[in-house]
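Participant: Here's a structure for you.
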Amino acid sequence: MRTKHDYPIGTPGVPWGIDERWTWLASRRKRRDRDYRAAICARMSSSSTSSSSSSFDGDEDHDCHRSDIAGFVPIVYGTLEVKDEDGSNVEEYPLLAYVSENASFLRPRSSSGEEGGGRGMTSGSDGGGICGGGGKKPAVLITGGVHGYETSGIFGAMHFLTSGLAGGRYSRHYDIVVVPCVSPWGYEYNERWTARAIDPNRSFRPSTEDDPNPTRTEESSKLISFLNRLGRTPNIGEDDGEDEYEEDGTMIRNGPDWLCHVDLHETTDTDVTEYRPARAARDGQLDFDDRIPDGFYLFGAVDDDDNDNGGSNNCVREFYDAILSGVEGSGTHLAEVENDGTLCGYKATRRGLLLLSRSACANMGICAGGALPNVPYAVTTEAYPDSCRTSGEDCVNAQVEAICAALDFLIDGGVVPR
């Protein structure tokens, strides 16, 4: 149902300018609701190894720290800076990822071009490099907190790490990268948007000839940059660590073989009381959709030329079905389709599932499928912690189950070798 809003910032029907955005930031930045460093960064040590010895390179410093999470190395891949209009009240947040300690894509190349030997990211007191064993494994990305206020995704990603599931049950099959909280400012101030009143989950659109400079936030651009450079190996033995190139000019990369991206989200009642009215006011709209699905659901993509049945999408659809079966089997109820055949305003594929074409998802700029545009399996989860049928803890568990069901499906279905 469409509901008129009376949001207190801006002129009804007129999109916000820069002044309204600064007014919004001042109105929202009153007090911290949470402590990002205590909740997310506490598991890594203060000591670090400079990025000059890491197996990836970039325009920024990337620090590799130590952690008490078995099998993983925490990497600070950048810093998010937030400040007031006059440049005062500066807050800085380390952007944190956890990478499999023995990730096969981080094996350094020797000066002869062979894998093994040479320098790599250091981890632990013995200074040993991160060198994977055996053949290259498929890589999976788990992200939480793209919308910083959505805590079940953040805590679900952290539980997947700290429970031993990631480093034990799945490390034999996958190289794993976990970014528990993409938007730390939003986490601390309980916000969906960035400090510039931009939805970070609409800021992952790919660059195209028609749109070479799509809208990016600091959060999305730094995550994309990190993922693009992860595993890029310098040409060891040459001055300045320059990259190696094939004869046709293609850069030789030792990057991840990305197979799957699970992006963890939730919807809360504050979507209706704050975030959707604010979005309508910002965009010059007079009303907003006040529907929130009661239950867990998935948002996914299928190939543009095979959107209805058959073909390459069969396995992808089975992937989504397996996640929903796992979540429902663990005791979390799924969102039902509305009477008009929709779910959250979109045509529903089935109970608990929305599927759009890959091009439509790319145009939306969502993280799952945008951060890694060519990943075969990408999914956005949505939990509903304000339902009378569930709890915050249930939603965290559902997020973990969604990750496990996704990874189990790829193993059991033979996509990933056992």
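Participant: Kindly provide the set of residues from the stretch 190-202 that are surrounded by 23 or more Cβ atoms within 10 Å (Cβ to Cβ) and out of contact with any Phe, Trp or Tyr (no Cβ under 7 Å at 6 or more places or on another chain), ordered by number.
Facilitator: The answer is TRP193, PRO200, ASN201.
Participant: To continue, here is another question. Counting only residues that are of a type in the set (Lys, Arg) and over 11 Å from GLU150 (Cα atoms), which one in the stretch 186-204 is nearest to the chain's Cα centre (by Cα)? Talk me through it step by step, then tell me what you get.
Facilitator: Our first condition is that a residue be of a type in the set (Lys, Arg); within the stretch 186-204, this holds for 192, 196, 202.
Now restrict to residues that are over 11 Å from GLU150 (Cα atoms): 196, 202.
On the way: ARG196: 19, ARG202: 12 Å.
So the residue we want is ARG202.
Participant: Could you give me the residue pairs with C-beta distances under 8 Å whose first residue belongs to the stretch 323-341 and is under 14 Å from TYR297 (Cβ atoms), whose second residue is polar (S, T, N, Q) and buried (at least 18 other Cβ atoms within 10 Å of the Cβ) wherever it lies, and which are 6+ apart or on separate chains?
Facilitator: ILE323/THR381; THR332/THR390; THR332/ASN397; HIS333/SER387; HIS333/THR390
Participant: While we're here: Could you run through the stretch 203-237 and say how many residues are in contact with a Pro (Cβ under 9 Å, 6 or more places away or on another chain), surrounded by fewer than 22 Cβ atoms within 10 Å (Cβ to Cβ) and among the β-branched types (Val, Ile, Thr)?
Facilitator: Adding up the residues that qualify gives 2.
Participant: Looking at ARG34, ARG29, ARG66, can you tell me which residue is surrounded by 14 or more Cβ atoms within 10 Å (Cβ to Cβ), among the basic types (Lys, Arg) and at pLDDT 95 or above?
Facilitator: Working: ARG29 fails: at pLDDT 95 or above; ARG66 fails: at pLDDT 95 or above.
Unique residue meeting the criteria: ARG34.
Participant: Inside the stretch 253-278, can you point out the residues that are in contact with a strand residue (DSSP E or B) (Cβ under 7 Å, 6 or more places away or on another chain), within 24 Å of GLY186 (Cα to Cα) and not aliphatic (A, V, I, L, M)?
Facilitator: Applying the first criterion (in contact with a strand residue (DSSP E or B) (Cβ under 7 Å, 6 or more places away or on another chain)) to the stretch 253-278 yields 254, 256-267, 276-277.
Okay, now just the ones that are also within 24 Å of GLY186 (Cα to Cα), so 261-267, 276-277.
Residues satisfying the conditions are HIS261, ASP263, HIS265, GLU266, THR267, ARG276, PRO277.
Participant: What single numbered condition from (1) modelled with pLDDT of 90 or more; (2) surrounded by 13 or more Cβ atoms within 10 Å (Cβ to Cβ) fails to hold for MET121?
Facilitator: The failed condition is (1).
Participant: Right, something else. With the structure loaded, tell me whether ASP175 is at pLDDT below 90 and either of a type in the set (Asp, Glu) or closer than 21 Å to TYR36 by Cβ (or both) or whether it fails that test.
Facilitator: Answer is no for this residue.
Participant: Here is a further query. Can you confirm whether ARG358 is without any contact (Cβ under 8 Å) to a residue 60 or more places away in the chain, closer than 16 Å to ASP263 by Cα, surrounded by fewer than 21 Cβ atoms within 10 Å (Cβ to Cβ) and touching a strand residue (DSSP E or B) at 6+ places or on another chain (Cβ under 8 Å)? Talk me through it step by step, then tell me what you get.
Facilitator: Working: without any contact (Cβ under 8 Å) to a residue 60 or more places away in the chain: yes; closer than 16 Å to ASP263 by Cα: yes; surrounded by fewer than 21 Cβ atoms within 10 Å (Cβ to Cβ): yes; touching a strand residue (DSSP E or B) at 6+ places or on another chain (Cβ under 8 Å): yes.
Judged against the criteria, ARG358 is a match.
The values are calculated or read from the model by the stated rules, or taken from the named source; none is laboratory data. Predicted model, so just to flag it, every value in this text is computed and none were measured. Cβ: placed from backbone, ideal geometry, glycine included. Neighbour counts: every protein chain shown.
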